[in-house]
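Undergrad: Starting off with a structure, shown below.
The values are calculated or read from the model by the stated rules, or taken from the named source; none is laboratory data. All of these numbers come straight from a predicted model, not from anything done at the bench. Using ideal geometry, Cβ is built from the backbone for each residue, glycine included, and neighbour counts are taken over all protein chains shown.
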Amino acid sequence: MNQIIKRRVITRLSSIVIIKILFLSLPVVAEQLIPTIDDSVEAFIPAPPAEVIATDAVYDQGGAVHLEWQLSPDDDGSAGVYNYQICRQQEGTDEYIPIDSVLAGVSSYIDETVEPGRSYQYIVAVNGDCGSAPSEASNVVTPNIEWLNFGLSNLFVIGLIICGSVIYFIAHAKRGKKLFIRRIAGLEAVDEAIGRATEMGRPILFVPGILDMDDVQTIAALTILGRVSRVVADYDTKISVPVSRSLVMTAARETLKASYMAAGRPDAYSDDMASYITDEQFGYVAAVDGKMVREKPATCFLLGAFFAESLILAETGNSIGAIQIAGTARPAQLPFFVAACDFTLIGEELFAASAYLSGEPKQMGSLKGQDVGKGIAMIIILLGVIATTFGNAWNISLLRRIADFLRTLFEVG
């Protein structure tokens, strides 16, 4: 029993001694676990960018400056460089103010917050892990307004060709020379269609599209209405012009009144000839279709801007046996008019109708001049294609230079 007690006492004393030894050795172990800092290693500050060049942006209103610089040598894709800070000094101040920043790897910037006529200077500072390094100051730049954009000189040449041809043919027409205009069957049939309605004693229906006066197709339609109403006034035929816009109604009434006065029959004009129905698309179509079915006009003119209602109007006019002359510049609606109408004005034929019908020298000269200008442009394009093809196929440097010149003639900017 005494031996067991002695063993327990010895064991406890041994445990206490071991614990004391470990406790006293902890500071030494801690010193070994904590890493020491090498004072010879310095904090990373990237090298500054170089050659900061500021230039005035060309062909603008003096509201931009273009900056370019060489990247910092330490900007090699590592995580040490964060971004570049753009700082600007304005004329009359000594302080560089930060205006923006760009990511690492970017070596250009466009400052669009400058004022024309004032001088500016820039510094680009690179930001790294432990600080930033500014560049040398850039050159002084003064943004100015460029009145002429020489990068668009090709458009100037093309404009000279077209305008010159228009002026030439207008003068040619004023001297009494006859200008050749391709025959347009739909416009040739206008007088015949009006005469047929006169012989049958039935009215004429003129629909100028469903858009307002801000659409060029509506303007072209009312121009044709002036020519049609002049013949209607001479023949003493009834005409009806239902419209879907109030401004179009006013313009149509003025056109009709002017035509009747020019024909010497102002007393035959009535405001009821042009009537407003509704702005709603299919409500307007339903009313015009009802008018067709009730009055059974002998001739229907569908000229202007049309959408989904084109086939409805054309089929209704076809069902009552009317001669229909249609025209629009919307390619999606042309197949319906071609299928259901007697004559169709396709695309630019609608806009050429006023010159074609009136024969007025200025309009005829403008039409002819535009066509000749387009023809010259097509010839230049064809020559460029030929020169490119044979120059590359036969390795002829002269033809390649000609092709490059013709190609730049039609490049914008």
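Undergrad: Residues that are of a type in the set (S, T, N, Q), at least 1 per element: which helices (runs of 4 or more DSSP H) completely within region 251-356 meet that?
TA: Qualifying helices (runs of 4 or more DSSP H): 281-295, 310-319.
Undergrad: Only one of (1) more than 19 Å from Gln217 (Cα to Cα); (2) surrounded by fewer than 22 Cβ atoms within 10 Å (Cβ to Cβ); (3) at pLDDT 85 or above is not met by Ala329, so which one is it?
TA: Result: Ala329 passes all but (1).
Undergrad: Quickly run through region 85-115 and pick out the residues that are of a type in the set (D, E, K, R), within 14 Å of Val141 (Cα to Cα) and surrounded by fewer than 16 Cβ atoms within 10 Å (Cβ to Cβ).
TA: Glu91, Glu112, Glu115
Undergrad: Please state which one of Gly80, Gly63 is among the small types (Gly, Ala, Ser) and within 19 Å of Ile45 (Cβ to Cβ).
TA: Details: Gly63 fails: within 19 Å of Ile45 (Cβ to Cβ).
Checking each option against the conditions leaves just Gly80.
Undergrad: Just a yes or no: is a residue in region 224-237 outside any helix (DSSP H, G or I) and among the polar types (S, T, N, Q)?
TA: The answer is yes, given that some residue of region 224-237 is outside any helix (DSSP H, G or I) and among the polar types (S, T, N, Q).
Undergrad: Only residues that are surrounded by 17 or more Cβ atoms within 10 Å (Cβ to Cβ), at pLDDT below 85 and β-branched (Val, Ile, Thr): list them for region 163-205, please.
TA: Of everything in region 163-205, just one residue is surrounded by 17 or more Cβ atoms within 10 Å (Cβ to Cβ), at pLDDT below 85 and β-branched (Val, Ile, Thr), namely Ile184.
Table: residues versus (1) under 22 Å from Leu187 (Cα atoms); (2) of a type in the set (Gly, Ala, Ser).
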| site | (1), (2) |
| --- | --- |
| Pro266 | no, no |
| Asp271 | no, no |
| Ser275 | no, yes |
| Thr278 | no, no |
| Ala286 | no, yes |
| Cys300 | yes, no |
| Gly304 | yes, yes |
| Gly317 | yes, yes |
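Undergrad: Which one of these does Phe156 not meet: (1) closer than 19 Å to Val58 by Cα; (2) of a type in the set (Phe, Trp, Tyr); (3) in contact (Cβ under 8 Å) with a residue 40 or more places away in the chain?
TA: (3)
Undergrad: Within region 61-78, is even one residue hydroxyl-bearing (Ser, Thr, Tyr) and free of Cβ contacts under 8 Å to residues at least 24 places away in the same chain?
TA: Yes, region 61-78 contains a residue that is hydroxyl-bearing (Ser, Thr, Tyr) and free of Cβ contacts under 8 Å to residues at least 24 places away in the same chain.
Undergrad: Find all pairs meeting these conditions: Cβ atoms under 7 angstrom apart; at least six residues apart or on different chains; first residue within region 230-241 and over 18 Å from Ala322 (Cα atoms); second residue buried (at least 20 other Cβ atoms within 10 Å of the Cβ) and at pLDDT 90 or above.
TA: Taking only residues 6 or more apart or on different chains, the pairs are Arg230/Ser259; Val231/Ile194; Ala233/Ser259; Ala233/Tyr260; Tyr235/Ile194.
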